[in-house]
Amino acid sequence: MKVLVTGGAGYIGSHVVLYLVEAGHEVVILDDMSLGCLENIHDQAEFIEGSTLDEAMLDNVLSKNIDAVVHLAAFKAAGESMIHPEKYSKNNLNGTTNLLNAMMKHNVMTFVFSSSAAVYGYPEYLPVDEDHPLKPINYYGYTKLAVENMLKWYGQLKGLKFAALRYFNAAGYDVKRRVFGLEKSPQNLLPIVMEVATGQRKTMNVFGNDYKTKDGTGVRDYIHVNDLASAHVKALEYLQDNDSFTVNLATGEGYSVLDVIHEAEAVTEKKINYTIVDRRPGDPAELIATSKQANVILNWAPQFSDLNTILKSMWNVYNPEENHD
Ligand code: WQD
């Protein structure tokens, strides 16, 4: 298949491109390079620098015999989305609308969408399954849910076939070390821990140690980007002969902030200095999910998402001089 991957130079996108190329697909990357890394652009993929806000460019790209689109181009910082919702409306909503409309014009009817755990909001029960109520608590999560709803309508009205993949906490780097470009100004726990291990940061904050969890710190379901990437390839191939679907991509296993810090100290052999500070607003105590649906529909299961493998794969990129394998 000839697959357009928007955001294909980004953190998750570059891993998805790797797996698509490996599976024998022809890949066209569209990325505006606002968060993408030049060194992550796959040498066997065609690269177009551009934004989903550029309708004329989209029209041109979609006219090139594209069979399917994997759409990852979006902003993803939940906190920022509450301060600058307009940025998220523009990129995540208008950009996706433009992309879908260009696809409809050129009769491209297969779409894999990068959705998020953020569509659920506070978990009402655990593990979260796909039937859990959808009540996002930040504007970012709202944009992902709005697109999911749009996809259902386009499915009904235009015959679009889509997969909405709700990622939980994406983490790790390619286990075969083919992706090197680090995320710019990371805001998530694992890259921050890595930056403390390299000495780039002297210390870090732990947001609360009085949650009702095993050690009082927040528990999350970390999923390796290689596992996310394999799910995209399977989703794309599944849609060739089957109907649209929406699934969680997670492990069902939770690790606390202190689990992460302690395991990172073991992997990196560095001391991770931290300070316990107040809880971060909007953080649930625990968020874990079941991926039973992804297992049933796609025959997918995570292979690289244990905490040790995730952290080792990150340390290989953050500190390439020392080989810790
Ligand atoms: C993980 C845990 C923090 C930083 C976010 C988005 C979500 C999704 C994934 C895209 C929590 C704690 C963190 C730090 C800390 N994104 N923490 N100190 O908040 O679970 O999810 O990324 O779809 O929408 O909200 O991830 O990595 O920020 O936090 O103690 O400096 O680490 O409180 O318990 P989060 P995270």
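Condition test on Ala229, is it within 15 Å of the ligand (Cβ to nearest atom), touching a residue at least 12 places away in the same chain (Cβ under 8 Å), touching a Phe, Trp or Tyr at 6+ places or on another chain (Cβ under 9 Å) and closer than 30 Å to Met109 by Cβ? Against the criterion (within 15 Å of the ligand (Cβ to nearest atom), touching a residue at least 12 places away in the same chain (Cβ under 8 Å), touching a Phe, Trp or Tyr at 6+ places or on another chain (Cβ under 9 Å) and closer than 30 Å to Met109 by Cβ), Ala229 does not qualify.
Residues that are away from the ligand (no atom under 14 Å from the Cβ) and surrounded by fewer than 16 Cβ atoms within 10 Å (Cβ to Cβ): does the stretch 183-191 have at least one? Yes, some residue in the stretch 183-191 is away from the ligand (no atom under 14 Å from the Cβ) and surrounded by fewer than 16 Cβ atoms within 10 Å (Cβ to Cβ). Inside the stretch 89-138, residues that are within 21 Å of His232 (Cβ to Cβ), of a type outside the set (D, E, K, R) and in a loop (DSSP other than H, G, I, E, B) make up a count of 3.
Taking the stretch 1-59 as the range and being part of a helix (DSSP H, G or I), under 18 Å from Arg178 (Cα atoms) and of a type in the set (Asp, Glu) as the test, the residues that pass are Glu22, Glu39. The set of residues in the stretch 222-279 being more than 20 Å from the chain's Cα centre (by Cα) and among the β-branched types (Val, Ile, Thr) consists of Ile261, Val267, Thr268, Ile272, Thr275, Ile276, Val277.
Checked against the criterion of being out of contact with any Phe, Trp or Tyr (no Cβ under 7 Å at 6 or more places or on another chain), crowded, with 16+ Cβ neighbours inside 10 Å and of a type in the set (Asp, Glu), the candidates Glu269, Glu321, Glu286 yield just one match: Glu286.
Contact map, the stretch 11-36: first residue free of Cβ contacts under 8 Å to residues at least 40 places away in the same chain, second residue aliphatic (A, V, I, L, M) and in a helix (DSSP H, G or I), Cβ cut-off under 6 Å, separation 6 or more or different chains; pairs are Val27/Val17; Val27/Leu20; Val27/Val21. One residue stands out among those in the stretch 290-304 that are surrounded by 18 or more Cβ atoms within 10 Å (Cβ to Cβ) and in contact with a Lys or Arg (Cβ under 8 Å, 6 or more places away or on another chain): the one that is farthest from Leu236 (Cα to Cα), which is Trp300. Screening Pro127, Pro123 for residues that are within 16 Å of the ligand (Cβ to nearest atom), at pLDDT 95 or above and more than 21 Å from Ala78 (Cα to Cα) leaves exactly one candidate, Pro127.
Taking the criterion of being within 20 Å of the chain's Cα centre (by Cα) and among the small types (Gly, Ala, Ser), the residues of the stretch 131-163 that qualify are Gly141, Ala146, Ala163.
The values are calculated or read from the model by the stated rules, or taken from the named source; none is laboratory data. Treat the numbers as computed from the prediction; the structure is a model and nothing was measured. Here Cβ is always computed from backbone atoms with ideal geometry, including for glycine, and neighbour counts include all displayed protein chains.
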